[in-house]
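Since every read-out is calculated from the coordinates, none of them should be taken as a lab result. Everything quoted here is computed from the prediction, not taken from an experiment. Ideal geometry is used to build each Cβ from the backbone, glycine not excepted, and the neighbour counts take in all protein chains shown.
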Ligand SMILES: C[S@@+](CC[C@H](N)C(=O)[O-])C[C@H]1O[C@@H](n2cnc3c(N)ncnc32)[C@H](O)[C@@H]1O
């Protein structure tokens with residue numbers, strides 16, 4: 001099956017995911033990241049969710065086109081409502097506005113659990129999201145700037161101790 005090719009931005013996210021992780025991609029849309037992870041075989045479990053039925057359908061189609069429908073678990077729903085902390089240790093929320101990411105985290109305080117890794121890539125309001133993280137006891141371990149098709153994106157790595 002053909003290997004999926006990620007953009008620089010999505011590749012930078014993928015590179016931050018540890019081998020053997022159980023990953024949820026929130027707001028997956030096209031599903032490129034979960035399909036890439038499934039192809040590498042480097043992670044343990046892969047979940048993908050989206051609030052939009054049309055987006056989730058796109059993701060399911062990407063998985064089916066690559067023969068990976070059985071490897072990825074898809075959920076339709078908002079934020080982290082579909083998950084419990086026992087299912088995942090790594091959460092990717094990318095391509096959403098900073099305020100939306102903040103609101104998703106606010107509704108799921110368990111994201112601060114020990115050992116939980118958050119990989120966040122806000123499209124807007126980076127400062128606001130960072131302020132929220134600092135004010136609410138999250139620890140920012142790293143930030144990264146990625147150039148993709150002439151535009152810079154900030155990735156924030158939040159990891160519990
Ligand atoms: C621009 S796409 C980003 C796709 C992919 N994550 C990426 O970085 O390329 C944003 C996706 O987030 C979804 N979305 C927006 N708000 C959401 C929420 N609260 N929970 C889950 N998905 C959401 C949208 O339906 C859309 O498919």
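Quick notes on this structure:
- Helix 53-65 and the longest principal axis of the C-alpha atoms of the chain enclose an angle of approximately 50°.
- Each DSSP beta bridge with both residues in region 67-161 is either parallel or antiparallel, and the antiparallel ones are about 70%.
- Neighbour counting of Cβ atoms within 10 Å sorts the residues 24, 56, fewest neighbours leading, into 56, 24.
- Pairwise FRET efficiency - residue 3 versus residue 114, Cβ, R0 = 35 Å, nearest 0.05: 0.50
- Normalised by the number of residues in region 1-54, the mean separation of alpha-carbon contacts (under 8 Å, six or more apart) gives a relative contact order of 40 percent.
- Helix 126-135 vs. the chain, principal-axis angle (Cα, 0 to 90°, nearest 10): 60
- Per-residue ellipticity at 222 nm, computed for the chain from helices alone with -39500 (n - 2.57) per DSSP H run of at least four residues, works out to -9000 deg cm²/dmol.
- Cα-based radius of gyration of region 1-152 once divided by 2.2 N^0.38 Å, which approximates compact folds: 0.99
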